[in-house]
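Working notes, structure below.
The values are calculated or read from the model by the stated rules, or taken from the named source; none is laboratory data. These numbers come from a predicted model, not from an experiment. Here the Cβ is made from the backbone with ideal geometry for all residues, glycine too, and neighbour counts use every protein chain on show. Keep in mind that these areas ignore ligands, DNA and RNA; they rest on the heavy atoms of the full protein, side chains included. Shrake-Rupley method; radii C 1.70, N 1.55, O 1.52, S 1.80 Å.
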Amino acid sequence: MAGRRGALIVLEGVDRAGKSTQSRRLVEALQAGGHQAELLRFPERTTEIGRLISSYLEKKNNLEDHTVHLLFSANRWEQVPLIKQKLNQGITLVVDRYAFSGVAFTSAKESFSLEWCKQPDAGLPKPDLILFLQLCTSEAAKRGDFGKERYEESSFQEKVLQSYYHLMKDKTLNWKVIDASKNIEDLHYEIKSFAEEAMQEALHTPIGEL
Ligand code: T5A
Ligand code: NA
């Protein structure tokens, strides 16, 4: 039988937009609906590369900007065999941040072009759906623990948001913009319906490449 593959569904957005909350809710709802679904996140902090990245984010170490960009990308590449295996087993993967975070955050730094930032992720499995949780940086700053980790500063987040807007112009990707200022429940139903659509579509399209 031709493989009925799972979908690769990515959630993106500025810090505190609600990505982790919605990723978890989506996986739970899909599983409850009888689908095979699993959660992934980037950075995946549990690998050796992930531990380096995690201490960098916690400001416990300093890494040169190009170096850390390549480590974030390597942290995705090290999961590619697993991602492909799961998708081919029919498991839908809900991914909390992916290559677009990598590009949006590094290119918000001085003297990093979008083009340079995209290169290391070229060839990664292409998401079937990218849900962009749109939230203005002033609203984001009011939520949770904002301000503890590296990058959690409104002027930097504003640059990140502008980089995301550039990335969203790529019409070869399936971006859906969601108003993340809505309540958790309403957002969840909107996200779930986009996800179900993408899962249907993925059944008859091969896995693409970024
Ligand atoms: N990064 C990441 C790079 O520079 N390069 C890369 O390649 C990658 C992958 C990683 C950092 O690394 C950078 C980007 C980041 O700066 P992380 O581990 O993803 O960061 O960050 P976290 O701090 O875990 O998560 P975020 O800050 O991004 O938050 P989320 O996941 O968007 O938000 P969430 O769901 O945790 O919610 C935040 C708070 O808001 C509340 C929640 O209860 C929580 O308190 N909330 C809502 N409140 C009101 N209305 C709603 N609809 C709400 N939804 C959630
Ligand atoms: Na998160």
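Remarks
- Axis of helix 19-32 versus longest Cα principal axis of the chain: the two differ by about 10°, to the nearest ten degrees.
- Cβ-Cβ FRET estimate between Lys148 and Glu78, R0 fixed at 30 Å, reported to 0.05: 0.70
- Stretching Ser113 away from Glu197 to a fully extended chain increases their span by 26.9 nm, per 0.36 nm per residue minus the current alpha-carbon distance.
- Overall, the anisotropy analysis places region 1-53 in the oblate class: the square-rooted eigenvalues a ≥ b ≥ c of its C-alpha gyration tensor yield a/c not less than 1.5, with a/b not exceeding b/c.
- Tilt relative to the chain, helix 184-202 - C-alpha long axis, 0 to 90 degrees, to 10: 60
- Across Glu38, Glu153, the residue with the most accessible area heads the list, and the full order at a 1.4 Å probe is Glu153, Glu38.
- Scanning residues 5 or more positions from Leu40 or on other chains, those with amide H under 5 Å from its amide H are Val94, Val95, Asp96, with H placed 1.01 Å from N in the peptide plane.
- Between Asp186 and Glu38, the simple spin-label model (points 7 angstrom out along Cα→Cβ) gives 3.5 nm.
- Of Asp15, Asp186, Asp121, the one that fluctuates the most in a GNM where the chain has Cα springs shorter than 10 Å: Asp186
- Loop-resident trypsin sites (Lys or Arg not before Pro) (DSSP state other than H, G, I, E or B) in region 92-167 with no more than 11 further Cβ atoms inside 10 Å of their Cβ: Lys148.
- Accessible area expressed per residue, the chain, with surrounding protein chains retained (probe 1.4 Å, Å²): 48
- Partners for Lys148 among lysines (Cα-Cα distance below 26 Å; same-chain residues under 8 apart left out): Lys19, Lys59, Lys60, Lys109, Lys159, Lys182
- Helical mean residue ellipticity (222 nm; -39500 (n - 2.57) per DSSP H run of 4+; nearest 500) of the chain: -14500 deg cm²/dmol
- Unit Cα scatterers, Debye sum, the chain: log10 I(q)/I(0) for q = 0.10 Å⁻¹: -0.41
- Stretched out straight at 0.36 nm per residue, the stretch from Gln85 to Gln31 would grow longer than its current Cα-Cα span by 17.6 nm.
- Between Asp179 and Asn61, full extension at 0.36 nm per residue minus the direct alpha carbon distance yields a gain of 39.0 nm.
- Heavy-atom accessible area, probed at 1.4 angstrom with all protein chains present, ranks Arg41, Arg24 as Arg24, Arg41, highest first.
- Three-way shape call for region 99-210 based on the alpha-carbon gyration tensor, with the a/c threshold at 1.5: oblate
- Solvent-accessible surface (1.4 Å probe) assigned to Cys117 amounts to roughly 0 Å².
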